[in-house]
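Taken together, the values in this text are just the output of simple stated rules run on the coordinates, not laboratory data. It should be emphasised that the depicted structure is a prediction, and the values quoted were computed from it without experimental measurement. Quick reminder, even Gly has a Cβ in these numbers, built from the backbone with ideal geometry, and neighbours come from all protein chains shown.
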């Protein structure tokens, strides 16, 4: 075995190690984008949109995991999609929506309460092709402001008359109070006239029978 071959075998492990290091470049450009501020009414819902970017090549199945921190950068995690964890006071109120490419999405918080006014920080975890699992988190986060509940405009009960059609129908089926007096007077005059004529006929017949 020549000296050149021996030297090549001795250097082989270090070369392989150098090759592996070159494949995974950790000094890369990465980050998460999310809005600085959002506001929503109490009792309503809000979507916190986010998108992430990085120079590493993702695995065929990146297994994107999304978590949400509250209050500050190292605050408590209130949601984690991988662990299927939701803090008790947010149960049935937080939902995740991911885009088809799994590079953007939104976290929705529904049935907002006054105490939900806080800072929120999205954290992304992905599987890369050569560097394994990587985790990024938004630095500035999103300030959520809860505004007073929107007042529903209600119509106060009134004593207004019904619609014109109903009103006309009701009044057409009953006589007007102003017409009752004339109707009664006409009826009495007609009766008196008939009695007078009948009395005159009877008087004439009586007188003729006497003569």
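Total residues in the stretch 43-59 satisfying the condition of being surrounded by fewer than 16 Cβ atoms within 10 Å (Cβ to Cβ), touching a residue at least 40 places away in the same chain (Cβ under 8 Å) and part of a loop (DSSP other than H, G, I, E, B): the figure is 5. Counting only strands (runs of 3 or more DSSP E) that fall entirely inside the stretch 63-141 and contain at least 2 residues that are under 23 Å from the mean Cα position of the chain (by Cα), the qualifying elements are 65-70, 77-80, 94-98, 104-109, 119-127. Filtering 124, 86, 109, 146 for residues that are farther than 29 Å from residue 24 by Cα, surrounded by 11 or more Cβ atoms within 10 Å (Cβ to Cβ), touching a residue at least 60 places away in the same chain (Cβ under 8 Å) and touching a strand residue (DSSP E or B) at 6+ places or on another chain (Cβ under 6 Å) leaves a single hit, 109. Checking each residue in the stretch 27-42 for being surrounded by fewer than 18 Cβ atoms within 10 Å (Cβ to Cβ) and either free of Cβ contacts under 8 Å to residues at least 60 places away in the same chain or under 13 Å from residue 142 (Cβ atoms) (or both) picks out 27, 28, 29, 33, 35, 36, 37, 38, 39.
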